[in-house]
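Q: I have a structure here, written as structure tokens, and I will follow up with some questions on it.
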Amino acid sequence: LHLTDPAASPEYEDIIHAVRRLWGVPVLITVTSEDRQFVKGCVGFQGVDTPRDDSICQHLFSGDTAAALVVEDLRQHPVLKYNPFVAAEGGLRFYCGVPIVVEEYRVGSLCVVDMVPRTDWP
């Protein structure tokens, strides 16, 4: 996974493009450290490394290890509507993420996002 290397990882390209073909929306793979989220691969979106506190994906790191997080309209979510990536002009509106789990540790996420709310998803 190249967890200690914050650079994008080209080996994730096949996964990202397969998910993009299925969903038709931007796709990201991230790795999360104690205080940062690193974008390891991205298509259809300008993914940037962020402080973990600004990451929507950080919400995958509590509760059930295998649970997905699906938010059809981020601006209607009581907590996430204040996220800077949601509150910004033209910000994110849809999020679906699943944790990447390695040896029982959640180390990152595979997520799809959109700039419009979605109720129709595969």
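Q: Among Val79, Val86, Val116, Val71, which is open to solvent by 50 Å² or more (accessible area, probe 1.4 Å) and within 16 Å of Pro26 (Cβ to Cβ)?
A: On the way: Val79 fails: within 16 Å of Pro26 (Cβ to Cβ); Val86 fails: open to solvent by 50 Å² or more (accessible area, probe 1.4 Å); Val71 fails: open to solvent by 50 Å² or more (accessible area, probe 1.4 Å).
That would be Val116, the only listed residue that is open to solvent by 50 Å² or more (accessible area, probe 1.4 Å) and within 16 Å of Pro26 (Cβ to Cβ).
Q: Name the single residue that is farthest from Leu110 (Cα to Cα) among those in the stretch 35-93 being among the polar types (S, T, N, Q) and assigned to a strand (DSSP E or B).
A: First, pick out the residues of the stretch 35-93 that are among the polar types (S, T, N, Q): 37, 46, 50, 55, 58, 62, 65, 76, 83.
Okay, now just the ones that are also assigned to a strand (DSSP E or B), so 37, 50.
Details: Gln37: 12, Thr50: 16 Å.
In this case the residue turns out to be Thr50.
Q: Quick test of your reading of the structure: Cys57 fulfils all but one of (1) more than 21 Å from Pro122 (Cα to Cα); (2) in contact with a Pro (Cβ under 9 Å, 6 or more places away or on another chain); (3) open to solvent by less than 60 Å² (accessible area, probe 1.4 Å). Name the failing condition by number.
A: Just one mismatch for Cys57, condition (1).
Q: Continuing with the same structure: Counting just the residues of the stretch 49-69 that are modelled with pLDDT of 85 or more and of a type in the set (A, V, I, L, M), which one comes out farthest from Tyr82 (Cα to Cα)?
A: From the stretch 49-69, those modelled with pLDDT of 85 or more are 49-60, 68-69; that's our starting set.
With of a type in the set (A, V, I, L, M) added as a condition, the list becomes 56, 60, 68-69.
Details: Ile56: 10, Leu60: 17, Ala68: 21, Leu69: 17 Å.
That would be Ala68.
Q: Also, quick follow-up: Might you let me know whether the stretch 60-68 holds any residue that is charged (D, E, K, R) and without any contact (Cβ under 8 Å) to a residue 60 or more places away in the chain? Spell out the reasoning first.
A: Taking the stretch 60-68 and keeping what is charged (D, E, K, R), we get 64.
Filter once more, so that each one left must be without any contact (Cβ under 8 Å) to a residue 60 or more places away in the chain: 64.
Yes, because at least one residue in the stretch 60-68 is charged (D, E, K, R) and without any contact (Cβ under 8 Å) to a residue 60 or more places away in the chain.
Q: Could you tell me which residue of the stretch 1-34 is surrounded by the most Cβ atoms within 10 Å (Cβ to Cβ), considering only residues that are among the charged types (D, E, K, R), in a helix (DSSP H, G or I) and at pLDDT below 90? Spell out how you get there, then give the answer.
A: Looking only at the stretch 1-34, we keep the residues that are among the charged types (D, E, K, R), and these are 5, 11, 13-14, 20-21, 34.
Filter once more, so that each one left must be in a helix (DSSP H, G or I): 11, 13-14, 20-21.
After this cut, where a residue has to be at pLDDT below 90 as well, the list is 11, 13-14.
Working: Glu11: 11, Glu13: 14, Asp14: 10.
So, considering only residues that are among the charged types (D, E, K, R), in a helix (DSSP H, G or I) and at pLDDT below 90, the one surrounded by the most Cβ atoms within 10 Å (Cβ to Cβ) is Glu13.
The values are calculated or read from the model by the stated rules, or taken from the named source; none is laboratory data. Just so it is clear, the structure is predicted and the values come from calculations on it, not from any experiment. Reconstructed Cβ throughout: ideal geometry from the backbone, glycine too, with neighbour counts over all protein chains shown. In case anyone asks, the SASA skips ligands and DNA or RNA and just uses the protein heavy atoms, side chains included. Shrake-Rupley method; radii C 1.70, N 1.55, O 1.52, S 1.80 Å.
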